[in-house]
Amino acid sequence: MGVSANGCHHNISLWQDEVNMFLPDGDDLRLPSKTGLHAIGGVLTHLRALTAITAPTVNSYRRFADAGFWAPIFADWGFQNRTTALRVSAPGRFEYRSVDSAVNPYLSMAGLLAAMRDGLDQSIDPGPPEEGNIYDAIEAGKEVARIPATLGEALDALEADPVVRAALPGEMLNVFLHYKRDEWERFIGTVSEWDLKEYLDILP
């Protein structure tokens, strides 16, 4: 506790044949192409559900709870901005940051591909990039969605999102939800040392 934890950030680019479709196609050489922007829009739209797959354990959310270590907990994007969930890390790629080292990369990439495809199909606009510290922007009044605070909340978001659900075909979704719900319910049913210290000696 009190120190930064391991992430497993995914750097992603989109290719058609030999062409990187994420590269800028306008005058601003920092700004991704429309294809890239729509892909980012899809990921941001489905970020809450994706978090259940990319941060798949109870322990994953302890890392996100400590904003002092630049935890990527807000559904926004920017250029080299480590305070947002997505950042354009180079002209030809973006970095998905709301993921930790417990992730199964096969499942995470399946979910991300489904989210990006929805962004492309729906031409989802991610909005303008956040140029500054997202925490300062929120304090100044910007409204930004937050990723789930717990595994239980993330599982609820996954169950409510048909796009990300479809990334886990057949029985995979049911098996994933079964084991992860069991993990969450066993956690919230456990009395820990923290509980004993916090509540045992409270006077009426």
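Here, each number is a calculation from the coordinates, and none is a lab measurement. These numbers come from a predicted model, not from an experiment. Positions of Cβ are backbone-derived with ideal geometry, glycine not excepted, and every protein chain shown enters the neighbour counts.
For segment 10-199, a Kirkwood hydrodynamic radius built from all Cα pairs, placed in the Stokes-Einstein relation at 25 °C and 0.890 mPa s, yields a translational diffusion coefficient of 142 µm²/s.
Residues whose amide H comes within less than 5 Å of that of residue 85, counting only those at least five positions distant or on another chain, are 74, 76 (H built at 1.01 Å from N in the peptide plane). Pick out which of 41, 189, 119 has the largest mean-square fluctuation in a Gaussian network model of the chain, springs linking Cα atoms closer than 10 Å. So, out of 41, 189, 119, the one fluctuating most is 189. The region of the chain that goes longest without hitting one of the GluC sites (Glu not before Pro) in a DSSP loop, each with at most 12 other Cβ atoms within 10 Å, is 19-130. If you take the square roots of the eigenvalues of the alpha-carbon gyration tensor of segment 50-132 and sort them as a ≥ b ≥ c, do you get rounded (a/c under 1.5), prolate (a/b over b/c) or oblate? Here segment 50-132 falls in the oblate category. Hey, which lysines would be in cross-link range of residue 34, C-alpha to C-alpha under 30 Å, not counting anything within fewer than 8 residues on its own chain? Reachable lysines: 142. With neighbour counts taken as other beta-carbon atoms within 10 Å, the residues 17, 66 rank, fewest first, as 17, 66. Note on residue 123 and residue 27: their simple-model spin labels are 2.3 nm apart, each label 7 Å out from Cα toward Cβ. Segment 110-131 and segment 1-41 have Cα centres spaced 10 Å apart. Helical runs assigned H by DSSP (4 residues or longer) give the chain a calculated mean residue ellipticity at 222 nm of -12500 deg cm²/dmol, each run adding -39500 (n - 2.57) before division by the residue total.
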